[in-house]
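This report refers to the structure that appears directly beneath it.
The values are calculated or read from the model by the stated rules, or taken from the named source; none is laboratory data. None of these values were measured; they are calculated from a predicted model. Here the Cβ positions follow ideal geometry from the backbone for every residue, glycine too, while neighbour counts run over all protein chains shown. To get the accessible areas, we keep the full protein, side chains included, count just its heavy atoms, and leave off ligands, DNA and RNA. Shrake-Rupley method; radii C 1.70, N 1.55, O 1.52, S 1.80 Å.
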Amino acid sequence: MATTLNVEDNMPGMRLSPELLERAYRQGVFPMPGAFGSIQWHQPDPRAVLPLEQFHASRSLQRKLDKNYFDVTYNRDFTGVMRACAERKPTWINAEFIANYTQLHRLGKGHSVEVWKDGALVGGIYGVHLGGAFFAESKFHRATDASKVALAKLVERLRERRFALLEVQFLTDHLAQFGVIEIPHAQYLKQLDAALALNCSFA
């Protein structure tokens, strides 16, 4: 890319665009809103990733997956998933972010997993897809285990389509139960470069 983004590029008034978002993810950087209309660029070290072959589902989650307790769709309501994720307070997902990630979705670079129960959207996850990398942004649930099902189905889809990298930004106790690990940022960049060289399809 022509310009390198870094954590110093937190300028008031800086506006997002689909092009800027793609450039950032390709460089291992992701944005969050800052003060006074600024964009804060983040490059955690260490970085949290979920090795696709190491995903772990609890027995209760596996039972729901096996019994198809929920209905699951892909890219049916990307913006709806983002808006549902933004309902959690506090949230970093504002109108500008929803608009620009929705544009990425329309360009085929943003994807969502939706979880439904009795026709109602009760869970989901969304993120960005470039090459063989998927950058998971946020997930939500309105029913027990719905967001866990969304993550499990995301992993299943990425495995089927031979993705090489699932990045989840920061390690939490909640994510650790699924097999998420931390790796040094330098190692993450190597994995990212290898994944970006692939040509994987999410659809």
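Which residues, counting only those in the stretch 118-134, are under 15 Å from Leu50 (Cβ atoms) and not in a strand (DSSP E or B)?
Matches in the stretch 118-134: Gly132 only.
Mind checking which residues of the stretch 26-51 are at pLDDT 95 or above, in contact with a Leu (Cβ under 6 Å, 6 or more places away or on another chain) and either aliphatic (A, V, I, L, M) or buried (at least 18 other Cβ atoms within 10 Å of the Cβ) (or both)?
Result: Gly28, Val29, Ala48, Leu50.
Condition check ((1) within 17 Å of Cys85 (Cβ to Cβ); (2) out of contact with any strand residue (DSSP E or B) (no Cβ under 9 Å at 6 or more places or on another chain); (3) assigned to a helix (DSSP H, G or I); (4) of a type in the set (Gly, Ala, Ser)) across all residues:
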residue: Val113; (1), (2), (3), (4): yes, no, no, no
residue: Trp116; (1), (2), (3), (4): yes, no, no, no
residue: Ser138; (1), (2), (3), (4): yes, no, no, yes
residue: Ala150; (1), (2), (3), (4): yes, no, yes, yes
residue: Arg157; (1), (2), (3), (4): no, no, yes, no
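Report yes if Glu182 is in a strand (DSSP E or B) and either of a type in the set (Gly, Ala, Ser) or under 11 Å from the mean Cα position of the chain (by Cα) (or both), otherwise no. Before you say what the answer is, go through the steps one by one.
Numbers: in a strand (DSSP E or B): yes; either of a type in the set (Gly, Ala, Ser) or under 11 Å from the mean Cα position of the chain (by Cα) (or both): no.
Here the answer is no, as Glu182 does not meet what is asked.
Go through the stretch 159-177 and report how many residues are assigned to a loop (DSSP other than H, G, I, E, B) and either under 14 Å from Ser201 (Cα atoms) or of a type outside the set (A, V, I, L, M) (or both). Full working, then the answer.
Looking only at the stretch 159-177, we keep the residues that are assigned to a loop (DSSP other than H, G, I, E, B), and these are 161-164, 170-172, 177.
When the remaining residues are screened for being either under 14 Å from Ser201 (Cα atoms) or of a type outside the set (A, V, I, L, M) (or both), the result is 161-164, 170, 172, 177.
Residues meeting the conditions: 7.
Whether any residue in the stretch 88-98 is closer than 29 Å to Ala186 by Cβ, in a helix (DSSP H, G or I), open to solvent by less than 10 Å² (accessible area, probe 1.4 Å) and out of contact with any helix residue (DSSP H, G or I) (no Cβ under 6 Å at 6 or more places or on another chain) is what I want to check.
Among the residues of the stretch 88-98, at least one is closer than 29 Å to Ala186 by Cβ, in a helix (DSSP H, G or I), open to solvent by less than 10 Å² (accessible area, probe 1.4 Å) and out of contact with any helix residue (DSSP H, G or I) (no Cβ under 6 Å at 6 or more places or on another chain), which makes the answer yes.
Please state which one of Arg162, Arg157 is touching a residue at least 40 places away in the same chain (Cβ under 8 Å) and out of contact with any helix residue (DSSP H, G or I) (no Cβ under 6 Å at 6 or more places or on another chain). Full working, then the answer.
Details: Arg162 fails: touching a residue at least 40 places away in the same chain (Cβ under 8 Å).
That would be Arg157, the only listed residue that is touching a residue at least 40 places away in the same chain (Cβ under 8 Å) and out of contact with any helix residue (DSSP H, G or I) (no Cβ under 6 Å at 6 or more places or on another chain).
For Ala133, indicate whether it is modelled with pLDDT of 95 or more and open to solvent by less than 10 Å² (accessible area, probe 1.4 Å). Please lay out each step first, then the result.
Values: modelled with pLDDT of 95 or more: yes; open to solvent by less than 10 Å² (accessible area, probe 1.4 Å): yes.
Yes; evaluated as a whole, the condition is true for this residue.
Assess whether Thr73 counts as being surrounded by fewer than 22 Cβ atoms within 10 Å (Cβ to Cβ), touching a helix residue (DSSP H, G or I) at 6+ places or on another chain (Cβ under 9 Å) and touching a residue at least 24 places away in the same chain (Cβ under 8 Å).
On the way: surrounded by fewer than 22 Cβ atoms within 10 Å (Cβ to Cβ): yes; touching a helix residue (DSSP H, G or I) at 6+ places or on another chain (Cβ under 9 Å): no; touching a residue at least 24 places away in the same chain (Cβ under 8 Å): yes.
Criteria not met by Thr73.
Being at pLDDT 95 or above and within 14 Å of His141 (Cα to Cα) is the filter here, so list the residues in the stretch 88-123 that pass it.
Ser112, Val113, Glu114, Val115, Trp116, Lys117, Ala120, Leu121, Val122, Gly123
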